[in-house]
Amino acid sequence: MAIRWGICSAGRISHEFTVALKTRPAEEHQIVAVAARNLEDAEEFSRKHNISKAYGGYEDLAADPDIDVVYVGVIHPYHLEACKLFTNAKKNVLCEKPLVMNAKEVKEILDSAKKNDVLVMEAVWTRFFQASVEIRRLLTQQYIGAVKMVRADYGVPLLNLLREPDGALLDLGIYCLQVINVVYNGEKPESIHVSGVCMETGVDETVTVILKYSRNRMATFTCSVVVKLRNDAIIVGTEGKLQVLSPMWCPTKMLVLRKMSQNPEPESFYTINLTNIPGNRCEADEVRYCLLNGLKESPVIPLAYTLLLAEIEEEIRRQLEVAYSQDCQSNMATRWGICSVGKISHDFAVALKTLPAKDHQVVAVAARNLEDAEEFSRKYDIAKAYGSCKELARDPDIDVVYVGVIHPFHLKACKLFTSAKKNVLCEKPLAMNTKEVKEILDSAQKNDVFLMEAVWTRFFPVSVEIRKLLAQEYIGEVKMVRADFGVPVLHVPKSFQKELGGGALLDLGIHCLQFINMVYNREKPESIQASGVYRETGVDETVTVILKYSRNRMATFTCSALVQLHNDAIIVGTKGIIQVPPPMWCPTSLVVNGMETHYPVPESYLPLNFTNSTGMRYEAEEVRQCLLKGLKESKVMPHADSLLLAEIEDEIRRQVGVVYSQDSQ
């Protein structure tokens, strides 16, 4: 009888796997059902591939009695849930690589498979290509003597295709690592040394790894999602070498002692998206062999190998400081405390209400006056209200504190909470000057807590898209950035009173400056020229700044607390222009080379004090993700950015002639 397959997901990789199965005899392999989250997608897939049953849910596929084995083709963050669903339904499983996100999840799947007495195999298809079979045979015969060194590379530009939480290691490096694992017969390395570059999203962009094995044997590999590498592998022995030619992850050619050996894959009768996809038939045949022989794991890719791959990947990510939410998965909501009951704290509380309650909860609020705190708590249904920040700092039920007091009091508040071992999200500007910023950062580091300056603009979808476009050099090399932010706010006391930290720069100009800092990737400007007008109170009313960067790149911004400006931003490159229409500090639209795209923020259920304040939800979610990953700073708004902002602001104030009392304390 034929092995009866069910396909979980109707994505590209599932399409390719289905095409590969069509190259095998129908009396050996049959696809009887496909499932997708959307029934229409499953039905379209079934029509395309002549599959009799289509389901709009994976649970229906799991319940189908006519399926022997399920191919899991969903993306890897969802492998754990899918694999456990099918193994608990007594279904055998072939799951795409990587099997899951970390070793803990691998163990969960393996335990479920063992408990339910079913086969589980990680779809490391490379292992089953004829070239790989030949390599194992030659190594067993010691055809090239004792292996002393293995080198593998896999790099392709994928930045425009990556989904969160993809990265070079889990997407590409796993192929290199599994080759090394095969050559050294599943042996655990004695040491692992790693270096790499990470994207601001926190995932790895390019990674190089050195592994040392017993008996002075070595291996190294590089993987990258930004550049094309040689994409081959070399196995060097004491008596010769084997070279697996590109593409090493689905090999059909190799050089054995400089003699070419070829094992081509069959032609496909469908259009395929990936290289040598008919080679998937080899892993399908392995599954059939195992089922016919009553095996619960493949002898070619045993479960111990899968676990070892995950353990090595975890160590590589640990050294790179790449952490996924799955690494510290929590079913608990992030518990917020709010320091101050001013306008900005009101808006932050409203923004948190737009996020799932299972992820974010405000458990306490503090104000100088207990009555104000109690009124705030009743309005936002918060359980605890305190009449002082010290009480909030002592509350054991708080994970992170949002500091919404005005900036002259940020230093005192941040040090109070960090010293109490509380994580902190502090409104911008983080402090009054560089000296105070350093004090806050030192306290956070000393107490081993997370701290982030609430530069909320960085986390808006518009800003995420801008960073993506710049990384792709979509508008060529950036040569000029301009930003303006001006609103008449001199009727507000904190805008013109020096003791309240008033002034256009710290209140408004920081939004322009952080935007420029983001575009030029945190580079320090070579020169700063500032001119401005200040009031009789000694604070700046209007300021214009010109910044010059390396390679003749420029930026300019104007901020004003006196007049309404256009309040937009423009990035000019050698191949195009990116425009951020007003309000640039909380943007909801983006114009790229004349094409506008809208990114609306959620509606508010309560009146807001400031424009688009529900967008504060994005920085709150960033905090949650950082805490889940055990990070002490955000990669999107790191401590170095806060320090650079303060240093530039100090220099601008020096040139304009604005001095606060904190500057001489």
Exactly one condition in (1) open to solvent by 10 Å² or more (accessible area, probe 1.4 Å); (2) of a type outside the set (A, V, I, L, M, F, W, C); (3) over 20 Å from TRP336 (Cβ atoms); (4) within 27 Å of the chain's Cα centre (by Cα) is not met by ASP399; state its number. (3)
TYR71 passes all but one of (1) outside any loop (DSSP other than H, G, I, E, B); (2) at pLDDT 95 or above; (3) more than 16 Å from SER14 (Cβ to Cβ); (4) not hydrophobic (A, V, I, L, M, F, W, C); which number fails? (3)
Which members of the range 443-454 meet the condition of being farther than 14 Å from ALA413 by Cα and of a type in the set (D, E, K, R)? LYS446, ASP448
Name the residue that is least open to solvent (accessible area, probe 1.4 Å), counting only residues in the range 450-467 that are under 12 Å from ILE578 (Cα atoms) and not β-branched (Val, Ile, Thr). SER463
Please enumerate the residues belonging to the range 28-55 that are assigned to a strand (DSSP E or B) and either touching a helix residue (DSSP H, G or I) at 6+ places or on another chain (Cβ under 8 Å) or open to solvent by less than 70 Å² (accessible area, probe 1.4 Å) (or both). HIS29, ILE31, VAL32, ALA33, VAL34, ALA35, LYS53, ALA54, TYR55
Within the bounds of the range 505-523, is there any residue that is aromatic (Phe, Trp, Tyr) and touching a Gly at 6+ places or on another chain (Cβ under 9 Å)? no
May I ask you to list pairs of residues, at least six apart or on different chains, whose Cβ atoms are under 9 Å apart, with the first in the range 247-273 being over 23 Å from ALA152 (Cβ atoms) and the second being at pLDDT 65 or above and assigned to a loop (DSSP other than H, G, I, E, B)? PRO266/THR23; GLU267/THR23; SER268/LYS22; SER268/THR23; PHE269/LYS22; PHE269/THR23; TYR270/LYS22
Going through ASN102, ASN88, ASN92 one at a time, which residue ends up being touching a Leu at 6+ places or on another chain (Cβ under 7 Å) and polar (S, T, N, Q)? ASN92
Look at the range 355-394 and say how many of its residues are acidic (Asp, Glu) and under 20 Å from PHE417 (Cα atoms). 1
Hits in the range 508-565 (condition: open to solvent by 40 Å² or more (accessible area, probe 1.4 Å) and closer than 21 Å to SER495 by Cα): SER531, VAL533, TYR534, ARG535, GLU536, THR537, THR544, LEU562, VAL563, GLN564, LEU565
Just checking, does the range 366-375 include any residue being in contact with an Asp or Glu (Cβ under 7 Å, 6 or more places away or on another chain) and within 24 Å of PHE459 (Cβ to Cβ)? no
Enumerated strands (runs of 3 or more DSSP E) restricted to the range 516-624, each holding at least 2 residues that are in contact with a Leu (Cβ under 8 Å, 6 or more places away or on another chain): 527-534, 540-549, 553-560, 576-580, 595-598
Residue pairs qualifying under the 7 Å Cβ cut-off, at least six apart or on distinct chains, with the first in the range 475-503 being without any contact (Cβ under 8 Å) to a residue 60 or more places away in the chain and the second being open to solvent by 60 Å² or more (accessible area, probe 1.4 Å) and not small (Gly, Ala, Ser), are GLY502/LYS494
Residues that are buried (at least 18 other Cβ atoms within 10 Å of the Cβ), in contact with a Pro (Cβ under 8 Å, 6 or more places away or on another chain) and modelled with pLDDT of 95 or more: which strands (runs of 3 or more DSSP E) entirely in the range 179-247 hold 2 or more of them? 204-213
Give the residues of the range 321-343 that are of a type outside the set (Ser, Thr, Tyr) and surrounded by 22 or more Cβ atoms within 10 Å (Cβ to Cβ), sorted by residue number. VAL322, TRP336, GLY337, ILE338, CYS339, VAL341
Among GLU465, GLU453, which is among the charged types (D, E, K, R), touching a Lys or Arg at 6+ places or on another chain (Cβ under 8 Å) and within 25 Å of GLU633 (Cβ to Cβ)? GLU453
For residues in the range 56-100 being touching a Ser or Thr at 6+ places or on another chain (Cβ under 8 Å), open to solvent by less than 10 Å² (accessible area, probe 1.4 Å) and of a type in the set (Val, Ile, Thr), which is farthest from LEU170 (Cα to Cα)? THR87
Return the total of residues in the range 360-387 being out of contact with any Cys (no Cβ under 9 Å at 6 or more places or on another chain), crowded, with 17+ Cβ neighbours inside 10 Å and part of a loop (DSSP other than H, G, I, E, B). 2
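The values are calculated or read from the model by the stated rules, or taken from the named source; none is laboratory data. Predicted, not measured: the structure shown is a model, and the values here were computed from it. Here Cβ is always computed from backbone atoms with ideal geometry, including for glycine, and neighbour counts include all displayed protein chains. Ligands, DNA and RNA are excluded from the accessible area calculation, which covers all protein heavy atoms including side chains. Shrake-Rupley method; radii C 1.70, N 1.55, O 1.52, S 1.80 Å.
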